[in-house]
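What follows is a set of notes on a single structure, which appears directly below.
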Amino acid sequence: MKTHSGIKKRLVRRSEMMPCKSAFIDAHTPGSHLKDNFSIIGPGVTENKEQFINIREPHGFNIGAAGQPPHIKNSLHSHFTAEVFMIHEGTFEIYWGLDGKNRTTLFEGDVVSIPTHCFRGFENVGEKYGFLFTILGGDDTGGVEWAPKVFKAAEDHGLVLLEDYGVWDKNKKPIPKGAKSVSPMSNSKAANYDNYSIEEMEKRIYRSGSKNPLTIHPLKLGEFGSIQINRLIGSEETKIQGGDGFELLIFEAEPGGGYKSFKRPEKEVFICYRGSWKVDWSGDGQKGSFLLNSGDLFSVPNYYGRSIECIGKKEGSLYSVINKNSPKIPIWTNL
Ligand SMILES: [Fe+2]
């Protein structure tokens, strides 16, 4: 039976997200050396075994974040599952393809889903610290594949990737006896990775403000006040085609808008983008209420009741990540 403290561990405040400064092999490469990497939910994809993870429980997806001061880059890499970026603070330029030549600028509230088997990187092109959330499909994401030149640059700055040890700084400690280095990808293999035109990538981007709220959806019956749902990634009536094992919604409400209590068979993670949201929950004989402010996250266990309400004086936006391509119809319940 889960206790109240058990459920409290599923609430992660923005201030409790712990950055790792050497999560990946490009941690010493000038231009990428000041980035913060956060693993918030799931086993993670970090290459550093000491990375802190807030919620280790597998969710069917991994949620992390990247924090970057102005002009700091996240190097070109690829994943085996879809990777979503949700721009939370700041302005980022994303670039993709082995040469990283195709690029577009993403602003706060924009969301992109980058396909597998395609190199991507991103730079904070704004004047303030930038922060974006990431969703990677699957529990075991298969890790990160770096573009060959990223590996080479890392080695020039003392970092190697070892099979059993992760990222290793050979300037600090000699490589352990018998340790095997992970080999960089060959140039010929990298050249076979996919590329997309700017127009093709734009179809995988939700631009904040390009609203197309769902008119008919199961939560409509429990709606109160002014609230809307946009399906950003999913199977039907969606901005970006999903199929990666999760659905991404955004609720947008005026203060006083929300949904009455419901439960669902899937795990659901709320991430507060803007405003303040009250989330009442119940399950396993317990109930309680959490207040989510910008950047806070709460993972609701499956079959727990939850109701949400935008409170305070400002409009609110709340992401919902649900661990199925096509979640079932929610069930109305009492808290
Ligand atoms: Fe990534």
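Only residues that are out of contact with any Gly (no Cβ under 6 Å at 6 or more places or on another chain), polar (S, T, N, Q) and open to solvent by less than 20 Å² (accessible area, probe 1.4 Å) were counted in region 105-137, giving 1. Of all the criteria given as (1) out of contact with any strand residue (DSSP E or B) (no Cβ under 6 Å at 6 or more places or on another chain); (2) open to solvent by less than 20 Å² (accessible area, probe 1.4 Å); (3) in the same structural domain as Ser320 (by TED's automatic domain parsing), the one not satisfied by Leu221 is (2). When region 87-115 is limited to residues that are small (Gly, Ala, Ser) and within 22 Å of Glu127 (Cβ to Cβ), the one that is nearest to the chain's Cα centre (by Cα) turns out to be Gly109. Do we find that Arg10 is modelled with pLDDT of 95 or more and outside the structural domain of Lys170 (by TED's automatic domain parsing) in this structure? Judged against the criteria, Arg10 is a match.
Against the condition within 17 Å of the chain's Cα centre (by Cα), loosely packed, with under 13 Cβ neighbours inside 10 Å and either aromatic (Phe, Trp, Tyr) or assigned by TED's automatic domain parsing to the domain that holds His33 (or both), how does Asp140 come out, does it pass?
Judged against the criteria, Asp140 is a match.
Of Glu93, Glu145, all but one fail to be in contact with a strand residue (DSSP E or B) (Cβ under 8 Å, 6 or more places away or on another chain), of a type outside the set (A, V, I, L, M, F, W, C), within 12 Å of the ligand (Cβ to nearest atom) and outside any loop (DSSP other than H, G, I, E, B); the exception is Glu145.
Only one of Ile87, Ile53 is at pLDDT 95 or above and aliphatic (A, V, I, L, M). Can you tell me which? Reasoning before the result, please.
Numbers: Ile53 fails: at pLDDT 95 or above.
Exactly one of Ile87, Ile53 is at pLDDT 95 or above and aliphatic (A, V, I, L, M), namely Ile87.
This table checks each residue for (1) free of Cβ contacts under 8 Å to residues at least 12 places away in the same chain; (2) over 24 Å from Tyr304 (Cβ atoms).
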position: Ser5; (1), (2): yes, no
position: Glu16; (1), (2): no, no
position: Asp26; (1), (2): no, yes
position: Pro30; (1), (2): no, yes
position: Asp36; (1), (2): no, yes
position: Gly42; (1), (2): no, no
position: Asn48; (1), (2): no, yes
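When Leu76, Leu132 are checked against the criterion of being farther than 18 Å from Glu199 by Cα, within 12 Å of the ligand (Cβ to nearest atom) and touching a helix residue (DSSP H, G or I) at 6+ places or on another chain (Cβ under 8 Å), Leu76 stands alone in meeting it.
Just one of the listed residues (Thr81, Thr91) is among the hydroxyl-bearing types (Ser, Thr, Tyr), farther than 25 Å from Met185 by Cβ and assigned by TED's automatic domain parsing to the domain that holds Gly126, namely Thr91. Checked against (1) at pLDDT below 95; (2) open to solvent by 50 Å² or more (accessible area, probe 1.4 Å), Thr333 meets all criteria but (2). Scanning region 298-312 finds one or more residues that are more than 24 Å from Leu132 (Cα to Cα), open to solvent by less than 10 Å² (accessible area, probe 1.4 Å) and small (Gly, Ala, Ser).
Of the residues in region 65-76, not one is at pLDDT 95 or above, touching a His at 6+ places or on another chain (Cβ under 6 Å) and buried (at least 18 other Cβ atoms within 10 Å of the Cβ).
Conditions tested, residue by residue: (1) under 20 Å from the mean Cα position of the chain (by Cα); (2) among the aliphatic types (A, V, I, L, M).
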| residue | (1), (2) |
| --- | --- |
| Asn212 | no, no |
| Thr215 | no, no |
| Ile240 | yes, yes |
| Gly258 | no, no |
| Glu268 | yes, no |
| Lys287 | no, no |
| Leu297 | yes, yes |
| Ser307 | no, no |
| Leu318 | yes, yes |
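Yes/no per residue for (1) touching a Phe, Trp or Tyr at 6+ places or on another chain (Cβ under 8 Å); (2) farther than 22 Å from Arg274 by Cα; (3) buried (at least 23 other Cβ atoms within 10 Å of the Cβ):
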position: Pro30; (1), (2), (3): no, yes, no
position: Phe52; (1), (2), (3): no, yes, no
position: Arg56; (1), (2), (3): no, yes, no
position: Asn62; (1), (2), (3): no, no, yes
position: Phe85; (1), (2), (3): yes, no, yes
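Can you pull out the residues in region 148-179 that are closer than 25 Å to His117 by Cα, free of Cβ contacts under 8 Å to residues at least 24 places away in the same chain and either open to solvent by 80 Å² or more (accessible area, probe 1.4 Å) or within 16 Å of the ligand (Cβ to nearest atom) (or both)? Result: Glu155, Glu163, Asp164.
The values are calculated or read from the model by the stated rules, or taken from the named source; none is laboratory data. These numbers come from a predicted model, not from an experiment. FYI the Cβ positions are ideal-geometry reconstructions off the backbone, even for glycines, and counts take in every protein chain you see. Just so you know, the surface numbers come from the protein's heavy atoms only, side chains and all, with ligands and any DNA or RNA stripped out. Shrake-Rupley method; radii C 1.70, N 1.55, O 1.52, S 1.80 Å.
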